Amino acid sequence: MARVLEHDGKEILKKHEIQIPHGTAVFNPDEAKQAAVRIGFPVILKALVPAGKRGKAGAIKLVHNIYEVYKEAEKLFNMEVSHFPVEQILVEQGVAIKKELYLSIAIDKIERKPVVIASSEGGVDIEEISRKNPGKVKKVHIDPWSSFPSYKGVEIWSDLGFKGKVLRQAAALTTRLFNTFKKHDATLLEVNPLVMSEDDVLVAVDVVLSVDESAIYRQPELKNIHPASERAWRPLTELERHMVAINEEDPYRGTARYTEFDGGDIGFMCGGGGASLLLMDALIKSGGRPANYSEVGGNPPENKVYGLCKGIISKEGVRGLFLAHNITSNTQINVVARGVTRALHNMDINVSVFPVVVREAGTHDAEGKKIFEEAGIEYHGDDITLTQAAQLMADKMRQVYPDYDQWGDN
Amino acid sequence: MAILVDNNSKTVIQGITGREASMVTKLMLDYGPPVVAGITPGRGGQSVEGVPVYDTMKEACNNHNLNTSLVYVPPAAVLEAVLEAVENKIHTILIVTENIPQHDVLKILDSAKNNNVRVVGPNSVGVISPSEHCKIGAIGGDNTERCFVPGSVGVISRSGGMTAETSWMVKRAGFGVSTSVSIGGDALIGSTPKSLLPLFQNDQETKAVVLFSEPGTSFEEDVADYIAAGHFTKPLISYVAGHFTEDLPEGTVFGHAAAMIEGNVGRPSSKRKRLLKAGAYVCENFDDIIKHLQKILR
């Protein structure tokens, strides 16, 4: 999944003949002022960040006159919303609201079908509306093979109490939104609020569009949009970007994912996906303090192992290394051993005072064992379990740093 | 006895001429019952490791009796490959390919359901039944016995690596596996843990099931309901990994794509609570699997 920024999502809706407020994206307060004058007051200023709950974060402002617009825009540009710095804001015409509605299309992973959710109330979280007023929410599943039957749109809004021109308009809009969802391989397309203006026109005032990263290859229109990944809860750190670069150097051989934590003192170099989760839990339970999370697997070449290991150790405060994987059938342990020992050597790490625990079993592990042991590193293969390896790591930290358990207190 | 794959599996590999698929063809041939045929459009008449290659599934089915397919084609071609297999009456389809567009996966699962076809995956490493000496997929690599020995424990895991490690834990406890299933790391998959329980329930060889779980999805909650309703009566041993993710901000994906926590759905702590309440053996540490198995099976 990747979230498309709001103004790009709105442009896509516009192409599908869904009405959006007149607006433009700007990069500084001066541009915001010019745009506001061109659009006419009142205007809405919205921080363009790939995160939800912007209203609650104070990242959406209603501005009534030219005197306020520069000041408010400046405030937004100085903000961080969910850790994302604001680099662009959307200046939009304020729409006179008669009524706020809700409409979304998503993939229901339990029913395994696209689901249309509509409500005669909007502007707040749909979960909240659904809890307080379940009768005002309609949920309809659509066959993944079929296009959207237009009568379904009429049915949905008719059940919600709409009539006449607005009913026909809402039904047509639902069909268009569904077509957009399908055409662009969306995983979520949410309009909240969908505003009924004073003159009974439906306008998509706020749009969230998440697209499927696995389908970007068949979405030429989305290729230039650079969707923001939803993998992180904040922008990538410098070290994380560096690790992405190491992974991309040889993208088809092995994967290496790295997420930095605040604090921590054990470099965590583990994999694959499931084992990393287990090892992280086990290490924390044993009293260890991981400095990062990682998933390394799929038989990476030596240089990737080397680069990743160096990166993990280079983080400030890292005083030990935990290298462990589930028993693998494809990752070559001798290659891992060469990459890791080279990184340790290159960083001038003295393994007699820098705890390293290895639990690597799999292809060519006899040779791997030899390489580790020649470098003075204690090697374990399938003589111990993953849980035991995590315990051993924490024990070694305490052994080398007798006050290890007190570090966390200050 | 075993589930999903056994001596009666007549396997065809879709995309057999690819690098990885040819390698897996050899691994499967070395381990057990033969791979009967392969499909790669435009490569008909060739052979891979002695296995004949056909242009179409229809042609392969005209020449052989086939019932199981292993899908190794690129992401953009998986939907078509599955439809071709379904139309030719293949009853079990294992999809190895990952990163398939979700809209395609919805169609794959819908078509499988409507035609009563069992899909395992996408993103599955394979299924193995050691007592039948039969596997489909790369599971076990070239050293299958290291982790997978015959026995009476069923293993289910989203993570391919943990399918191996969990089966190895079963061996370490002094037992073996009836069938180990790598169900795939995505949220949209053909064989959820719950959908495999009736098979293990009916399999006489299986005396207990170990389920390795991760954050995200409602798979474990569904399993808990299924056990609580009395549909699965054999011991189920569960370990849920990823507790640390509960202390991180929402929307963070660790491990597999499905391991995303949204609100309260899919939290490891609530999964454990639900499974415990339903009567499952819930492990505090992964090593407790050994203790539970020794208590249950001895």
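The values are calculated or read from the model by the stated rules, or taken from the named source; none is laboratory data. Quick caveat: nothing in here was measured; it's all calculated off a predicted structure. Cβ coordinates were reconstructed from backbone atoms using ideal geometry, including for glycine residues, and neighbour counts include every protein chain displayed. Heads up: the accessible areas ignore ligands, DNA and RNA and are worked out on the full protein's heavy atoms, side chains in. Shrake-Rupley method; radii C 1.70, N 1.55, O 1.52, S 1.80 Å.
The one condition from (1) more than 10 Å from every other protein chain (Cβ to nearest Cβ); (2) under 26 Å from B:Phe148 (Cβ atoms); (3) more than 16 Å from the chain's Cα centre (by Cα); (4) hydrophobic (A, V, I, L, M, F, W, C) that B:Ala228 does not meet is (2). Of the helices (runs of 4 or more DSSP H) contained entirely in the range A:236-350, those carrying at least 1 residues that are open to solvent by 30 Å² or more (accessible area, probe 1.4 Å), within 14 Å of another protein chain (Cβ to nearest Cβ) and not acidic (Asp, Glu) fall at A:273-285.
Take the conditions (1) in a loop (DSSP other than H, G, I, E, B); (2) without any contact (Cβ under 8 Å) to a residue 40 or more places away in the chain; A:Phe354 misses just one of them, which is (2).
Among the residues of the range A:201-227, those that are away from every other protein chain (no Cβ under 14 Å) and either touching a Gly at 6+ places or on another chain (Cβ under 9 Å) or within 20 Å of A:Pro50 (Cβ to Cβ) (or both) comprise A:Ala204, A:Val205, A:Asp206, A:Val207, A:Leu209, A:Glu221, A:Lys223, A:Asn224, A:Ile225, A:His226, A:Pro227.
Of all residues in the range B:105-143, those being touching a strand residue (DSSP E or B) at 6+ places or on another chain (Cβ under 6 Å) and open to solvent by 50 Å² or more (accessible area, probe 1.4 Å) number 3. A:Trp157: touching a strand residue (DSSP E or B) at 6+ places or on another chain (Cβ under 8 Å), without any contact (Cβ under 8 Å) to a residue 40 or more places away in the chain and not β-branched (Val, Ile, Thr), yes or no? Yes: the conditions hold for A:Trp157. The range A:52-121 holds strands (runs of 3 or more DSSP E) entirely within its bounds, and those carrying 1 or more residues that are under 26 Å from A:Arg38 (Cα atoms) and open to solvent by less than 50 Å² (accessible area, probe 1.4 Å) map to A:60-63, A:89-93.
Okay, residues lined up against (1) of a type outside the set (Asp, Glu); (2) in a loop (DSSP other than H, G, I, E, B):
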| site | (1), (2) |
| --- | --- |
| B:Leu4 | yes, yes |
| B:Ile13 | yes, no |
| B:Glu20 | no, no |
| B:Ala37 | yes, no |
| B:Pro41 | yes, yes |
| B:Gly44 | yes, yes |
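Of all residues in the range A:127-151, those that are in the same structural domain as A:Glu190 (by TED's automatic domain parsing) have Cβ atoms under 9 Å from Cβ atoms of residues that are charged (D, E, K, R) and part of a strand (DSSP E or B), 6 or more apart or on another chain, in A:Ser130/A:Lys139; A:Lys139/A:Asp108; A:His141/A:Asp108; A:His141/A:Lys113; A:Ile142/A:Lys113; A:Asp143/A:Lys113; A:Pro144/A:Lys113. Taking each residue of the range A:332-348 that is farther than 10 Å from A:Asn303 by Cα and looking for partners that are open to solvent by less than 10 Å² (accessible area, probe 1.4 Å) and aromatic (Phe, Trp, Tyr) with beta-carbon atoms closer than 8 Å, six or more apart or interchain, yields A:Ala337/A:Phe372; A:Thr341/A:Phe372. Between B:His231, B:His256, B:His292, the distinction of being at negative phi, assigned to a loop (DSSP other than H, G, I, E, B) and at pLDDT 95 or above belongs to B:His231 only. Scanning the range B:231-245 for residues that are in contact (Cβ under 8 Å) with a residue 24 or more places away in the chain and within 12 Å of chain A (Cβ to nearest Cβ) yields B:Tyr239, B:Val240, B:Ala241, B:Gly242, B:His243, B:Thr245. Inside the range A:284-307, residues that are hydroxyl-bearing (Ser, Thr, Tyr) and in contact with a strand residue (DSSP E or B) (Cβ under 9 Å, 6 or more places away or on another chain) make up a count of 2. Residues in the range B:171-185 that are more than 12 Å from chain A (Cβ to nearest Cβ) and either over 18 Å from B:Ala138 (Cα atoms) or not hydroxyl-bearing (Ser, Thr, Tyr) (or both) were compared, and the one that is most open to solvent (accessible area, probe 1.4 Å) is B:Gly174. Of the residues A:Ala204, A:Ala186, the single one that is within 17 Å of the chain's Cα centre (by Cα) and in the same structural domain as A:Lys163 (by TED's automatic domain parsing) is A:Ala186. With a requirement of 1 or more residues that are among the basic types (Lys, Arg) and at pLDDT 95 or above, the strands (runs of 3 or more DSSP E) lying completely within the range B:81-136 that satisfy it span B:118-120. Scanning the range B:215-231 turns up no residue that is among the acidic types (Asp, Glu) and under 30 Å from A:Asp383 (Cα atoms). Among the residues of the range A:226-260, the ones that are in contact with a Phe, Trp or Tyr (Cβ under 7 Å, 6 or more places away or on another chain) and at pLDDT 85 or above come to 3 in all. Residues in the range B:144-163 that are under 13 Å from B:Val209 (Cβ atoms) and open to solvent by 10 Å² or more (accessible area, probe 1.4 Å): B:Gly151, B:Ser152.
For the range A:357-410, taking the residues that are of a type in the set (S, T, N, Q) and in a loop (DSSP other than H, G, I, E, B), the one that is farthest from A:Val340 (Cα to Cα) is identified as A:Asn410. Considering the conditions (1) in contact with a Gly (Cβ under 9 Å, 6 or more places away or on another chain); (2) modelled with pLDDT of 95 or more, A:Arg3 is excluded by exactly one of them, (2).
Each residue in the range B:210-224 was checked for being more than 8 Å from every other protein chain (Cβ to nearest Cβ) and at positive phi, and 1 pass. Taken over the range A:126-171, the criterion of being more than 14 Å from chain B (Cβ to nearest Cβ) and surrounded by fewer than 13 Cβ atoms within 10 Å (Cβ to Cβ) is satisfied by A:Lys132, A:Asn133, A:Pro134, A:Gly135, A:Tyr151, A:Gly161, A:Lys163, A:Gly164, A:Lys165. Taken as a whole, the structure leaves B:Val149 outside the set of residues that are among the β-branched types (Val, Ile, Thr) and within 30 Å of B:Pro101 (Cα to Cα).
Looking across the range B:14-34, the residues that are of a type in the set (A, V, I, L, M), out of contact with any Lys or Arg (no Cβ under 9 Å at 6 or more places or on another chain) and closer than 18 Å to B:His133 by Cα come down to B:Val24, B:Leu29. With respect to being out of contact with any His (no Cβ under 9 Å at 6 or more places or on another chain), within 11 Å of chain A (Cβ to nearest Cβ) and surrounded by 24 or more Cβ atoms within 10 Å (Cβ to Cβ), B:Thr166 fits the description. Just to be sure before I move on: is B:Leu188 away from chain A (no Cβ under 14 Å) and either out of contact with any Asp or Glu (no Cβ under 7 Å at 6 or more places or on another chain) or in contact (Cβ under 8 Å) with a residue 24 or more places away in the chain (or both) in the structure I sent? So B:Leu188 does not fit the description; no.
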